[in-house]
Each structure stands twice: as structure tokens, then as C-alpha cells.
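The values are calculated or read from the model by the stated rules, or taken from the named source; none is laboratory data. Keep in mind the model is a prediction, meaning the values are calculated, not measured. Cβ sites come from the backbone with ideal geometry, for glycine too, and all protein chains shown count toward neighbours. We work out accessible area using only protein heavy atoms, side chains counted, and drop any ligands, DNA or RNA first. Shrake-Rupley method; radii C 1.70, N 1.55, O 1.52, S 1.80 Å.
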Amino acid sequence: MPNRSLRRAFPKASQYDPKWVRKHSMGENVLFNLESLTKSLHLKPGMRVLDLGCGKAISSIFLAREFGVTVWAVDEAVSASDNYERICAEGCEDKVFPLEMEARSLPFPEEYFDAVIVVDSYTYFGTDEKYLPYIARFIKPEGHIAIVDVCFTKEIESHDQVPEFLQEDYQNYWYFIHTIDW
């Protein structure tokens, strides 16, 4: 059972079984990061949401359950069939649609989504100056793009400058991570 401060900070995410979250997260607790992000969004039932870089789709399941939105769960590295099994096991197959595809080759019409949400994966596909305009075209006017990801407080010139506790995890792509000002 999560402690009181975690339940206060993350009332929705702390209701999920921590073992299930840990088993299906691809890094830190994706639901805590997602709940933090959704506090600034106004998600309503019936909205269409693109969960880009969704990993094992637990973020998509969370969005469908907690907000009643319809979610397209897109990830290049995780099988859509595996995600579909997880989605069905959680009873969300009518609200979450898994797709295994590259974030730079999306098949959606322009202005299709009310929101694009990216949790802990933007550094894998979105760090060049052309990506944000590309993804923005899929968002409706007055829609939102919401991103939560790792960043550094100062630009890093080499792997040796990466904080020690991150060096192992970021050894192959530290150069994709920048500061907020970047």
C-alpha cells in the first residue's frame, strides 16, 4: 500500500497494484509521471488521445480508465499483440487501440487528436527541430501536446558528464537529452 504522501500526490495512480505497474513499466513509475502530466490537461470522456511511445500500454490503460478517453497506444519497440493482451486483460479493448509503429510514420489524419501524450519516450524520437511541427499537425485546434521526460540542468558534452546514477541507463543515448532551454 502506498504511503499517505504518495496517495495525496497521486490519488489515481496509487490505486494501481505496484507490482503490476513495476512489471509493465519500462523505467520509472510511468503512472506517477502520467498523473502529474494529466493534472494540467482537461481530459474528458470521448476525447481521442495519442499515447506516443506508450511502452507496454499501461499509460494508455490508465488514460482510458481514469478519464474515459479513447487511446491509440503507439510504440515501435513493443509488440501490438502483447499490448493488446494486456489491454484485454484490463478490460479496455473498447477504449485502447495498440499499434506497433515508428513515431515518424504515423497514419493519422491531420487534427485528429484532442491530445498527444508522451511519457518518458520523447528523447527516443522527438529531439530534432522537425519533429514537433510534424506531431503538432495531428492535434486539433485548441488541443494539447503533453510531454514528460528526463532532461539535464545543463547541456552535456560527453557521457562522463552524465550524472553517475544515470550513466548506465543513458550510456547509448545521453546525447539526445538536453536542457529545458534547449
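Summary of values
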quantity	calculated
Pairwise centroid distance, computed over Cα atoms, of the range 5-49 with the range 113-182, Å	19 Å
Theoretical gain in end-to-end length, residue 93 to residue 178 [0.36 nm per residue, Cα-Cα removed]	27.0 nm
Burial order of peptide ranges 149-156, 122-129 (average beta-carbon count within 10 Å, highest first)	122-129, 149-156
Three-way shape call for the range 1-67 based on the alpha-carbon gyration tensor, with the a/c threshold at 1.5	oblate
For the range 106-121, Karplus couplings with θ = phi - 60° (6.51, -1.76, 1.60), whole Hz, Gly/Pro x	7, x, 8, x, 5, 6, 8, 9, 6, 8, 10, 10, 10, 10, 6, 8
Residue 130/residue 4 FRET efficiency (R0 41 Å; Cβ-Cβ; nearest 0.05)	0.35
Shape call, the chain: gyration tensor on alpha carbons, a/c limit 1.5	oblate
Per-residue SASA entry for residue 48, accessible area with 1.4 Å probe, Å² rounded to 10	70 Å²
Backbone HN-Hα couplings from phi across the range 32-43 [Karplus 6.51/-1.76/1.60, Hz, Gly and Pro as x]	5, 4, 5, 4, 4, 5, 6, 5, 9, 9, 10, 6
Accessible heavy-atom area order of 108, 176, highest first, probe of 1.4 Å	176, 108
Over the chain, relative contact order from alpha-carbon pairs under 8 Å, at least 6 apart, %	17 percent
Portion, in percent, of the accessible area of the chain that falls on carbon or sulfur, probe 1.4 Å	50 percent
Interchain or long-range residues, amide H under 5 Å from residue 138's placed H	111
Förster radius 30 Å - calculated FRET efficiency between residue 102 and residue 157, Cβ distance, rounded to 0.05	0.55
³J(HN,Hα), Karplus 6.51/-1.76/1.60, whole Hz, each residue of the range 126-143, x for Gly, Pro	x, 8, 9, 5, 8, 6, 4, x, 4, 6, 4, 5, 8, 9, 5, x, 6, x
Reach of residue 12 by Cα under 13 Å, taken over aspartates and glutamates that are not fewer than 8 positions away in the same chain	35, 66
Förster radius 30 Å - calculated FRET efficiency between residue 150 and residue 81 (Cβ-Cβ, nearest 0.05)	0.55
Ellipticity estimate at 222 nm from DSSP helix runs (n ≥ 4, -39,500 (n - 2.57)) divided over the chain, nearest 500	-7500 deg cm²/dmol
Amide proton proximity set for residue 96, modelled H, under 5 Å, gap of 5+	71
Rounded accessible area per residue of the chain, 1.4 Å, Å²	56 Å²
